[in-house]
Amino acid sequence: MYSLEKALSIYTNKELFEEIHEAKKTFINLLENISNRMDPNDLRKAHTAHKGMKISKGNELEHCPYQVLDLIRDFDPETGLNIRLLHWWGKGMFLFILVGKDFFKREDLHLIVKEKHLSGFFISAASSPFSYRQLVEDYELKKIPMTESLSDYSTLGRFQLIKQIPYGVDFLGTEEILFLELNRILFALQDNERN
């Protein structure tokens, strides 16, 4: 059991909470900078029914704070598409591409990932697209490569790809890494011929 003495050493440490607040605020500013740089026309080219971009945050994802940037924001399990950047304290930064089961023909999605050079992405076999603990643990342990057939995952009713993104040497470098990666994903998704 956690002792009162140890808890009080945290409860009464105002500087610690101010530093945590500033760290959160700084990363939210980074996400705002990225979203301000994104071209809404690129979202439309990737998915005409896109709902724009949204930044969200919280304090309790497996006991740790998190910040999220969503692009496209169509979570329909049949025809949806979403690109999510998750910055999860204590775990790292991850990109998720969630694709509804009928958004692409399966062979088209496989070709997009391979031919458009979405390198570093792996297939998630998690039971829910929002079970981040399982998604990250599966990613870290299994890393199912895109060489596997996507049809093996059709029972999930959707496809989800995951990739961990390294931090840059500073905030500007990290922003540039994320901006380029998100644009690379949007570009890969734009030219696809859908049903």
Q.
Contact list please: Cβ distance under 7 Å, first residue in segment 120-139 and closer than 16 Å to W89 by Cα, second residue basic (K, R), pairs at least six apart or on different chains.
A. V136/K91
Q) Looking at this structure, is Y139 crowded, with 17+ Cβ neighbours inside 10 Å, at pLDDT below 80, more than 23 Å from D74 (Cα to Cα) and not acidic (D, E)? A) yes
Q) How many residues are buried (at least 18 other Cβ atoms within 10 Å of the Cβ) and either over 13 Å from the mean Cα position of the chain (by Cα) or assigned to a loop (DSSP other than H, G, I, E, B) (or both) if we restrict to segment 75-97? A) 2
Q) Which condition breaks for Y167 when tested against (1) within 29 Å of E60 (Cβ to Cβ); (2) aromatic (F, W, Y); (3) part of a helix (DSSP H, G or I); (4) at pLDDT 80 or above? A) (3)
Q.
Quick check on segment 162-180: of everything there that is closer than 18 Å to D42 by Cα and touching a residue at least 60 places away in the same chain (Cβ under 8 Å), which residue is surrounded by the fewest Cβ atoms within 10 Å (Cβ to Cβ)?
A. F179
Q: Select from segment 44-65 the residues that are in a helix (DSSP H, G or I) and out of contact with any helix residue (DSSP H, G or I) (no Cβ under 7 Å at 6 or more places or on another chain) and list them in ascending order.
A: R44
Q | Any pair with Cβ under 6 angstrom, 6 or more apart, that starts in segment 95-112 at a residue that is over 21 Å from L135 (Cβ atoms) and ends at one that is at pLDDT 65 or above and acidic (D, E) | A | D102/E78
(Q) What's the total number of residues in segment 33-56 that are under 13 Å from the mean Cα position of the chain (by Cα) and of a type in the set (D, E, K, R)? (A) 1
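Do we find a residue being loosely packed, with under 13 Cβ neighbours inside 10 Å and either in contact with a Lys or Arg (Cβ under 7 Å, 6 or more places away or on another chain) or not aromatic (F, W, Y) (or both) anywhere in segment 65-73?
Just the residues of segment 65-73 that are loosely packed, with under 13 Cβ neighbours inside 10 Å, to begin with: none.
No.
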Q.
Being in contact (Cβ under 8 Å) with a residue 24 or more places away in the chain, assigned to a helix (DSSP H, G or I), within 20 Å of L135 (Cβ to Cβ) and aliphatic (A, V, I, L, M) is the requirement here; does L31 meet it?
A. yes
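Name the residue that is modelled with the highest pLDDT, counting only residues in segment 122-133 that are crowded, with 18+ Cβ neighbours inside 10 Å and not in a strand (DSSP E or B).
Filtering segment 122-133 for residues crowded, with 18+ Cβ neighbours inside 10 Å gives 122-124, 126, 129, 132.
This time we only want the ones that are not in a strand (DSSP E or B), so: 124, 126, 129, 132.
Numbers: S124: 80, A126: 76, P129: 82, Y132: 87.
Among residues in segment 122-133 that are crowded, with 18+ Cβ neighbours inside 10 Å and not in a strand (DSSP E or B), the one modelled with the highest pLDDT is Y132.
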Q. Does T26 count as touching a strand residue (DSSP E or B) at 6+ places or on another chain (Cβ under 6 Å), more than 16 Å from I185 (Cα to Cα) and not in a strand (DSSP E or B)?
A. no
Q | Which listed residue, of T48, T12, is over 23 Å from L98 (Cβ atoms) and either surrounded by fewer than 13 Cβ atoms within 10 Å (Cβ to Cβ) or of a type in the set (D, E, K, R) (or both) | A | T12
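The values are calculated or read from the model by the stated rules, or taken from the named source; none is laboratory data. Not measured: the values here are computed from a predicted model. Neighbour counts run over all protein chains shown; Cβ positions are idealised from the backbone, glycine included.
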